[in-house]
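Novice: Can you keep this structure in mind? I'll have questions shortly.
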Amino acid sequence: LQAGKYKIHCNGAQGGGGYIDNQLRSKGGRGAYVYGDLKIKGEKKFFVYVGGQGSSSEPKGPNKGGFNGGGDGGRDTKAFFDDGCDAAGGGGGSTDIRYDKDVNTRIIVAAGGSGGAGNADGAPGGTLQGRYRFCIGPGVWPNMECKEYPVYNSTRTTQTSGSLNIGVGENGEDGEYVSGSGAGGGWQGGLSSYETSGGTSCYDRSIADSGSSYISGYDGCILNDLYSFENANMIEDVNEGDGFVHVEDYYICKNNCADCTSGNDCISCMDSYKLYKDSCYLVCPDGTRVLDSKNCEACQISDCKKCSQSANSCEVCNDEYNLLIENGMT
C-alpha cells in the first residue's frame with residue numbers, strides 16, 4: 001500500500017455442514033466481519049491470508065477445516081444404520097492481514113465459524129470472544145429433546161485463551177454417532193467440544209467453538225506497536241462461504257510522499273526526497289534552494305532561478321533576466 005488512509009474490510013469463512021444418515025442436515029457457522037480505518041506512512045508491504053470455508057463433502061468424515069486455521073471435523077467411526085453417515089463439518093478459516101508472514105504480526109483478524117453437527121448449525125465467527133451453541137429443550141440436559149441451539153459467548157476462546165496452536169481451531173472428536181465439529185480459526189483458534197452427541201439428539205455437544213476476532217486499537221484488544229485502526233468494529237454471523245478482504249482508500253498520497261492529510265496535501269517525503277508546496281522532489285526545483293535534508297525553500301528575490309547560499313541572495317536569474325551586481329552584492 002502507498003502512503004494514505006484506507007478502510008480495511010475482512011470477512012472470516014463459514015464452517016462446513018453436518019450430516020445425519022448420509023444427509024446434510026446443518027450448516028456451518030458464518031464468518032465474522034471486522035473493519036477499521038488504517039493510516040499508512042510510507043509505502044508498506046502487507047500479507048493477506050484469506051480464510052477458506054470448512055468442508056462438508058464427506059458424510060463419513062473427516063471433513064477438513066478451511067485454509068488459515070479451520071479445524072477438521074471428526075470421523076464417524078460406526079454407522080448407526082448400514083447407510084448412516086453422521087460426520088460433522090470442518091471449521092472455517094479466519095481472514096487476516098499481517099506485516100510479515102509470521103502469525104504474531106497480524107494486525108486485524110476476522111474469525112471463522114465452527115462446523116455444524118447433526119441438526120445443529122455451527123457457531124458463528126466471534127468478536128472479542130468465540131461463540132458456542134447450547135441446547136434448549138423441554139427435558140433435562142443431557143437427555144432432553146433439543147428444540148433450539150442458541151449462541152453464547154465462549155469463556156474458553158477469548159482474546160487471551162484458545163487453541164494451543166495460535167490462530168488454529170482444534171479438530172473435532174471421532175464418534176460412533178454424530179462426531180465433533182471442527183473449530184473456527186481466529187485471533188485465538190476455537191476449542192473443540194471434546195465430545196460427540198453420544199446417540200442423543202443434543203447435537204450442541206458436538207459443536208466446537210468458533211474463533212475470536214482481533215483489531216489493533218479496538219477496545220479489548222492488545223495494541224500492536226506498529227499499526228492501529230480507528231473507527232473499528234466487529235460483527236458476528238455475517239459471511240457465508242469463503243472469506244474475503246476488501247480495501248478501499250479515503251485518499252492516497254502523491255508519488256514519493258511519505259505522509260499526507262489528503263491526496264493533495266503532503267506533509268513529509270520519502271527518504272532522499274524534499275518537500276516543497278505539498279510535493280516531493282529529488283532535486284529542489286528552480287526558484288528554490290535546499291533548506292535542510294527534508295525541505296526546499298523559495299528564493300525571496302523575484303525571477304531568481306538559483307539562490308543556494310541564502311533565500312535573499314540570487315546567484316542565477318531566470319533565462320530572460322540578467323543578474324545585477326551592485327557594490328559586490330547581487
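The values are calculated or read from the model by the stated rules, or taken from the named source; none is laboratory data. Please read these numbers as outputs of a predicted model, since none were measured by experiment. Because the Cβ atoms are built from the backbone with ideal geometry, glycine has one as well, and the counts that use them run over all protein chains shown. Calculation scope for accessible area: heavy atoms of the full protein, side chains included, ligands and nucleic acids excluded. Shrake-Rupley method; radii C 1.70, N 1.55, O 1.52, S 1.80 Å.
Novice: Evaluate the charge dipole of the chain about its Cα centre and quote only its size in Debye, nearest 20, assuming +1 on the Cβ of each Lys and Arg and -1 on the Cβ of each Asp and Glu.
Specialist: Computed about the Cα centre, the dipole is about 220 debye.
Novice: Shifting gears a bit: If I take every Cα pair under 8 Å that is 6 or more residues apart in the stretch 199-317, average their sequence separation and divide by the length, what percent do I get for the relative contact order?
Specialist: Values: 170 pairs, mean separation 12.4, N = 119.
Reported as a whole number, the value is 10 percent.
Novice: On the first, second and third principal axes, largest extent first, how far apart are the outermost C-alpha atoms of the stretch 216-255 in Å?
Specialist: 39, 25, 15
Novice: Rounded to the nearest 10 Å², what accessible area does K101 have for a 1.4 Å probe in the complete protein model?
Specialist: Rounded to the nearest 10, the figure is 130 Å².
Novice: Right, next: Along its three principal axes, how long is the stretch 157-210 when you only count alpha carbons? Whole Å, largest extent first please.
Specialist: 34, 15, 12
Novice: Next question. Could you give the dipole magnitude of the stretch 226-330 about its Cα centre, charging the beta-carbon of Lys and Arg +1 and that of Asp and Glu -1, in debye to the nearest 20?
Specialist: Details: 7 positive and 19 negative charges, 164 e Å.
Once rounded to the nearest 20, the dipole reads 780 debye.
Novice: Another question about this same structure. Using 0.36 nm per residue, how much length does the chain from K101 to I235 gain when fully extended, once their Cα-Cα distance is taken away?
Specialist: On the way: separation 134, 0.36 × 134 = 48.24 nm, distance 2.57 nm.
Value of the extension gain: 45.7 nm.
Novice: Loop only per DSSP, at most 16 neighbouring Cβ atoms within 10 Å: give me the GluC sites (Glu not before Pro) in the stretch 225-330, ordered by residue number.
Specialist: Passing sites in the stretch 225-330 are E240, E315, E320.
Novice: Which aspartates and glutamates have a Cα less than 14 Å from the Cα of K60, not counting those fewer than 8 places away in the same chain?
Specialist: Cα-Cα hits under 14 Å: D21, D72, D76, D82, D83, D86, E173, D174, E176.
Novice: Assuming R0 = 22 Å, what is the FRET efficiency of N255 and K39, from their Cβ-Cβ distance, to the nearest 0.05?
Specialist: Once the sixth-power term is evaluated, E becomes 0.75.
Novice: Quick check for me: using +1 on Lys/Arg Cβ and -1 on Asp/Glu Cβ, what's the dipole size of the stretch 14-85 about its Cα centre, in debye to the nearest 20? Before the final figure, lay out each step's value.
Specialist: Numbers: 11 positive and 8 negative charges, 102 e Å.
Charge dipole, the stretch 14-85, about its Cα centre: 500 debye, nearest 20.
Novice: May I ask which of K41/K274; K45/K277; K274/K305 have a Cα-Cα span longer than 23 Å here?
Specialist: K45/K277
Novice: Can you pull out the chymotrypsin sites (Phe, Trp or Tyr not before Pro) in the stretch 271-330 whose DSSP state is coil and whose Cβ has at most 16 other Cβ atoms within 10 Å? Can you show the working numbers first?
Specialist: Values: sites: Y273, Y276, Y281, Y321; in loops: Y273, Y321.
For chymotrypsin sites (Phe, Trp or Tyr not before Pro) across the stretch 271-330 that sit outside H, G, I, E and B with at most 16 neighbouring Cβ atoms in 10 Å, the list reads Y321.
Novice: On the protein heavy atoms, probe 1.4 angstrom, tell me the percent of accessible surface of the chain carried by carbon and sulfur.
Specialist: C and S atoms contribute 46 percent here.
Novice: Right, here's the next one. Say R0 is 41 Å: what FRET efficiency, to the nearest 0.05, do M270 and L223 get from their beta-carbon distance?
Specialist: Once rounded, the FRET efficiency stands at 0.95.
Novice: Considering only C304, G42, Q2, whose Cα is most displaced toward the positive end of the charge dipole of the chain, charges sitting on Cβ of Lys, Arg (+1) and Asp, Glu (-1)?
Specialist: It is C304, whose Cα lies furthest towards the positive end.
Novice: For D278, what accessible surface area do you get with a 1.4 Å probe? Give it in Å², rounded to 10.
Specialist: 60
Novice: Can you give the convex hull volume of the alpha carbon atoms of the stretch 185-279 per residue, in Å³?
Specialist: Enclosed volume per residue, from the Cα hull, is 159 Å³.
Novice: For E176 and T155, what is the calculated FRET efficiency with R₀ set at 22 Å and r taken between the beta-carbons, to the nearest 0.05?
Specialist: On the way: r = 29 Å, r/R0 = 1.33.
Result of the calculation: an efficiency of 0.15.
Novice: Can you find, among G287, C257, Y276, the residue sitting farthest towards the positive end of the charge dipole of the stretch 236-299, where Lys and Arg contribute +1 and Asp and Glu -1 at Cβ?
Specialist: Towards the positive end, the residue furthest out is G287.
Novice: Another question about this same structure. What accessible area per residue, rounded to a whole number of Å², is obtained for the stretch 1-103 using a probe radius of 1.4 Å? Please list the in-between numbers first.
Specialist: On the way: 4220 Å² over 103 residues.
Solvent-accessible surface per residue comes out at 41 Å².
Novice: Given a cut-off of 26 Å, what percent of all Cα-Cα pairs of the chain lie beyond it? Working shown, then result.
Specialist: Numbers: 29941 of 54285 pairs.
Tail of P(r) above 26 Å: 55 percent of Cα pairs.
Novice: In nm, what is the difference between 0.36 nm times the number of residues separating Y321 and K147 and their Cα-Cα distance?
Specialist: Working: separation 174, 0.36 × 174 = 62.64 nm, distance 9.19 nm.
Contour length minus Cα-Cα distance gives 53.5 nm.
Novice: Would you kindly give the portion of the calculated P(r) for the stretch 1-135 that falls above 25 Å, as a percent of all Cα pairs?
Specialist: In whole percent, the share of Cα-Cα pairs in the stretch 1-135 beyond 25 Å is 34.
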